[in-house]
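J.: For reference, the structure I am asking about is given below.
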Amino acid sequence: MVIVVVGSGKLAQELMVFFLSQPGCQALTWQTLGGRALADAVVVHAGSGRELDEVVAYCSRTHTTLVELSTGSAVEGRALNFPVVLCANTNILMLKVMAMLAGHGHLFQGYERRLTESHQAGKTSTPGTAVELAESIGLHERDIVSVRDPAVQQDDMKIPAEHLGRHAFHRIVIEDGLSGVTLETRVLGPAPYAQGVAQIVAAIQAHPLEDRLYKVTELVDKGWL
């Protein structure tokens, strides 16, 4: 298994550390790859987008599958001649919840619905998971309540102090006035994301993909994850 990691931020660094520790896995940075075509390679884009044009050109030339981890990626609107898996999230348990709501969230139309998300204070990018959850239950992005205050995160969401710097929390509340349902998801620390990327890559290598854009929840629906 050859994994090419694009990006220099925290997530990209965590992925490199994780994949370098996995038996039978060769992990390369985008710079180390140097444009070489490698059999059975998968490119994982965890960068800001500065190198995306180069990455797309490389994947097009070598017909290499691209795993896109950046929210709101420009790759979504492009004509593709290679497979792309778009990941709003890479935690497998969370992805299964997202797939469940994507398939059945329409059943809650007509009820009062609220969605709150919380991430570490330094997160400024679009909360892609929350946006997909909102769409699934018929809410707009503007309806999402975002929390970045550590005091609120500890008191209301019960995020442990040691995970305030890296967590993802989502709360969906659905009510009809007399009864209600609350669904909460909580991911703490970096490990679940790196492990999830590894499972996504394994699923890609075990199943042939068409030359098109896939949402990662499609892999869940197919039973590959």
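The values are calculated or read from the model by the stated rules, or taken from the named source; none is laboratory data. A quick note: this is a predicted structure, and the numbers were derived from the prediction, not measured. Backbone-built Cβ (ideal geometry, glycine too); neighbour counts: all protein chains shown.
J.: Read through the list (1) surrounded by fewer than 14 Cβ atoms within 10 Å (Cβ to Cβ); (2) within 23 Å of residue 145 (Cβ to Cβ); (3) touching a residue at least 24 places away in the same chain (Cβ under 8 Å), then give the number of the only condition that residue 187 fails.
T.: If we test residue 187 against (1) surrounded by fewer than 14 Cβ atoms within 10 Å (Cβ to Cβ); (2) within 23 Å of residue 145 (Cβ to Cβ); (3) touching a residue at least 24 places away in the same chain (Cβ under 8 Å), just (1) comes out false.
J.: Can you name the condition, by its number, that residue 77 falls short on among (1) under 20 Å from residue 198 (Cβ atoms); (2) in the same structural domain as residue 47 (by TED's automatic domain parsing)?
T.: Condition (1) is where residue 77 drops out.
J.: Please go through segment 78-92 and give me each residue that is surrounded by fewer than 22 Cβ atoms within 10 Å (Cβ to Cβ), over 27 Å from residue 189 (Cβ atoms) and not basic (Lys, Arg), ordered by number.
T.: Passing the criteria: 79, 80, 81, 82, 83.
J.: Going through 115, 95 one at a time, which residue ends up being part of a helix (DSSP H, G or I) and surrounded by 13 or more Cβ atoms within 10 Å (Cβ to Cβ)?
T.: Residue meeting the stated conditions: 95.
J.: Of the conditions (1) under 18 Å from the mean Cα position of the chain (by Cα); (2) buried (at least 18 other Cβ atoms within 10 Å of the Cβ); (3) over 19 Å from residue 73 (Cα atoms), residue 172 clears all except one; give me its number.
T.: Answer for residue 172: the failing condition is (1).
J.: I'd like to know if segment 37-46 contains one or more residues that are surrounded by 13 or more Cβ atoms within 10 Å (Cβ to Cβ), assigned to a loop (DSSP other than H, G, I, E, B) and either at pLDDT 90 or above or within 20 Å of the chain's Cα centre (by Cα) (or both).
T.: Let us first name the residues in segment 37-46 that are surrounded by 13 or more Cβ atoms within 10 Å (Cβ to Cβ), namely 38, 41-46.
Next, from what is left, pick out any that are assigned to a loop (DSSP other than H, G, I, E, B): 38, 46.
Imposing the further condition that a residue be either at pLDDT 90 or above or within 20 Å of the chain's Cα centre (by Cα) (or both) reduces the set to 38, 46.
Within segment 37-46, one or more residues are surrounded by 13 or more Cβ atoms within 10 Å (Cβ to Cβ), assigned to a loop (DSSP other than H, G, I, E, B) and either at pLDDT 90 or above or within 20 Å of the chain's Cα centre (by Cα) (or both).
J.: If you take the residues in segment 1-12 that are touching a strand residue (DSSP E or B) at 6+ places or on another chain (Cβ under 9 Å) and free of Cβ contacts under 8 Å to residues at least 40 places away in the same chain, which one is nearest to residue 198 (Cα to Cα)?
T.: Once the filter is applied, the top-ranked residue is 12.
So that you can scan it fast, the table gives a plain yes or no per residue for (1) out of contact with any Asp or Glu (no Cβ under 9 Å at 6 or more places or on another chain); (2) modelled with pLDDT of 90 or more; (3) assigned by TED's automatic domain parsing to the domain that holds residue 183; (4) aromatic (Phe, Trp, Tyr):
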| residue | (1), (2), (3), (4) |
| --- | --- |
| 67 | yes, yes, no, no |
| 70 | yes, no, no, no |
| 110 | no, yes, yes, no |
| 119 | yes, yes, yes, no |
| 124 | yes, no, yes, no |
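J.: Another question about this same structure. Of all residues in segment 118-137, how many are surrounded by 15 or more Cβ atoms within 10 Å (Cβ to Cβ), over 13 Å from residue 169 (Cα atoms) and small (Gly, Ala, Ser)?
T.: So the answer is 2.
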